[in-house]
Amino acid sequence: MLCRNPVRLTRDSSRKSVTKRGVVKLAKFKHIQIPTEGEKITVKNKNLVIPDNPIIPVIEGDGIGRDIMKATRRVVDASVEKTYGGKKKIVWMDIYAGENAQKLYGTVMPDETFTAIKQYIVALKGPLTTPVGGGFRSLNVTLRQVLNLYACVRPVRYFEGVPAPVKHPEKMNIVIYRENTEDVYAGIEWEKGTKDCKTVIDFLNKKFKLSIRSDSGIGVKPISVTATKRLVRKAIQHAIDKNRKSVTLVHKGNIMKYTEGAFRDWGYKLATTEFRDKIVTEDEVTTKYNGKAPEGKIIIKDRIADSMFQQILTRTDEYEVIATPNLNGDYLSDACAAQVGGLGMAPGANIGDFVGLFEATHGTAPKYADKDMINPGSLILSACMMLEYMGWEEAAKKIERSIEQTIRNKTVTYDLERQMEGATKVSTSEFATHIINNMP
Ligand code: NAP
């Protein structure tokens, strides 16, 4: 899906004017300043076209976002420089959301932030505070829905030396594809006691002869063929691209037959129609291949969600790629991350057909804001996913190897230090410096 051949592109200059500080301001952006150097990532013939100096929009984030984004940019810049010797370079472009947007625009989520991500395609994001009370349900959910970032991708693997609650954390190496747009997260719900809620309950009780209690709140759980197929397609394609052995559809179809059960059925259907020559189902392995999958074929299997929580603990290494509806995916992602040592090191991305927003999985941890203390690992590893998405795998691998080395050296931030014997506590910025210095 990715094009590794850089193509030189020209930017529409008719809408730009150079300011005193040497930055270009596109007329249609109010506060976003487009750097004079750098080029847009584009899509051509259904492929991403990555120039050598792509402009990457970056949302710094609230709270600890400021510290971890600074650290992440330094690490990424150093790795790209060391890997490509100056031939490639990321040109960062600040865009705004959360507290900094509120100051600049008077709103926490300005329209031009969405526009910039749509136009520049690949973006990096720090954590954002979810305003309590009216306004947006969540800035993160809004970003995912408005940009149609339908797959939440969470790779979970173990870094040697990280304290973990299980005996063999190294057995976990899973990528979770969580559906991002529907299920009970679609936001279709009515509060108990409201007129609308009563209308819905009365309608259901009357039309379908149900007996929903009048003091209920109501939520709707839509699961569509469309959203299921595009999610499962991405998960299987990932397994193909990365030589993974299996894709597991995780669902609660024994109870919710027409939503979760349908997710499983549509998932199998997609696998056996669009990827027939690349996959076998687990059932076929038993009935046709005597219990042993043919060499090079990806096994498509399914597990009921509650059983899956046991399986990740007891048969961890039997799972490689997981595709699952929204709620299961939310729970599973955090459970898997906890098993290998917690959210501080868990990266994530929200991806649509082309647009990819790469982000830390933890929140803004306000009590640590601007204290130069927090672990930037999650955001740095999310940036590694971003580099891979761009086809810059070598730069991503360099960072990952260096993080492994830094943890082996036991020079870590407070969260890991407090659990590791004989470790040295370092600040966020020092941790980044160690990662840079340890790069192979
Ligand atoms: P949180 O910000 O993730 O922090 C909870 C705790 O997790 C921290 O106090 C800290 O624990 C630990 N932690 C988080 N990030 C860490 C890191 N990088 N390194 C080490 N430890 C880390 O969760 P929250 O306090 O529930 O949420 C705060 C705000 O963030 C809320 O407004 C929430 O809506 C928002 N949020 C945003 C996102 C997002 O933008 N994607 C995701 C989740 C939450 P210790 O104190 O034990 O060290």
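The values are calculated or read from the model by the stated rules, or taken from the named source; none is laboratory data. Since the structure is predicted, the reported quantities are computational estimates derived from the model, not experimental observations. As a convention, Cβ positions derive from the backbone with ideal geometry for all residues, glycine included, and neighbour counts pool all protein chains shown. To get the accessible areas, we keep the full protein, side chains included, count just its heavy atoms, and leave off ligands, DNA and RNA. Shrake-Rupley method; radii C 1.70, N 1.55, O 1.52, S 1.80 Å.
Quick look at the values:
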read-out: Length-normalised contact order for the range 262-326 - Cα pairs under 8 Å, 6+ apart - percent; value: 27 percent
read-out: Accessible surface of the chain [probe 1.4 Å, protein heavy atoms]: carbon and sulfur percent; value: 51 percent
read-out: Computed accessible area, H168, all protein chains, 1.4 angstrom probe, square angstrom; value: 90 Å²
read-out: The range 178-229 and the range 37-95: distance between their alpha carbon centers, rounded to Å; value: 41 Å
read-out: The range 244-302-the range 335-369 distance, computed between alpha-carbon centres (Å); value: 28 Å
read-out: Long pairs among K88/K398; K125/K229; K70/K125; K269/K301; K278/K397, criterion Cα-Cα beyond 20 Å; value: K125/K229; K278/K397
read-out: Cα-based shape type of the range 41-105, given that a ≥ b ≥ c are square roots of the gyration tensor eigenvalues and the cut on a/c is 1.5; value: oblate
read-out: Exposed-loop-free span, longest in the chain, where GluC sites (Glu not before Pro) count as exposed if DSSP calls them loop and at most 14 other C-beta atoms lie within 10 Å; value: 296-420
read-out: Options I312, L210, V162, ranked by Cα towards positive dipole end of the chain, top entry (Cβ charges); value: L210
read-out: Residue-normalised accessible area of the range 75-231, given per residue in Å² at a 1.4 Å probe; value: 49 Å²
read-out: Sparsely packed trypsin sites (Lys or Arg not before Pro) within the range 275-351, loop by DSSP, other Cβ within 10 Å at most 12; value: R276, K288, K292, R315
read-out: Positive-pole candidate from N243, A360, G65, dipole of the chain, charges at beta carbon; value: N243
read-out: Per residue accessible area of the range 325-429, 1.4 Å probe, in Å²; value: 33 Å²
read-out: Cα-Cα P(r), the chain, percent of pairs per 20 Å interval; value: 24, 55, 21, 1
read-out: Relative contact order for the chain, counting Cα pairs under 8 Å that sit 6 or more residues apart, in percent; value: 20 percent
read-out: The range 224-353: C-alpha gyration tensor shape, a/c 1.5 cut-off, then a/b vs b/c; value: rounded
read-out: Accessible area in the full protein assembly, largest first, 1.4 Å probe, for D62, D77; value: D77, D62
read-out: Kirkwood hydrodynamic radius of the range 281-440, Cα pairs, Å; value: 18.2 Å
read-out: Backbone N under 20 Å from the K269 label point (7 Å along Cα→Cβ), restricted to the range 321-344; value: 323-326
read-out: Area of L104 that stays accessible when all protein chains are in place (1.4 Å probe, Å², to 10); value: 70 Å²
read-out: Solvent-accessible ranking of H238, H251, largest area first, probe 1.4 Å; value: H238, H251
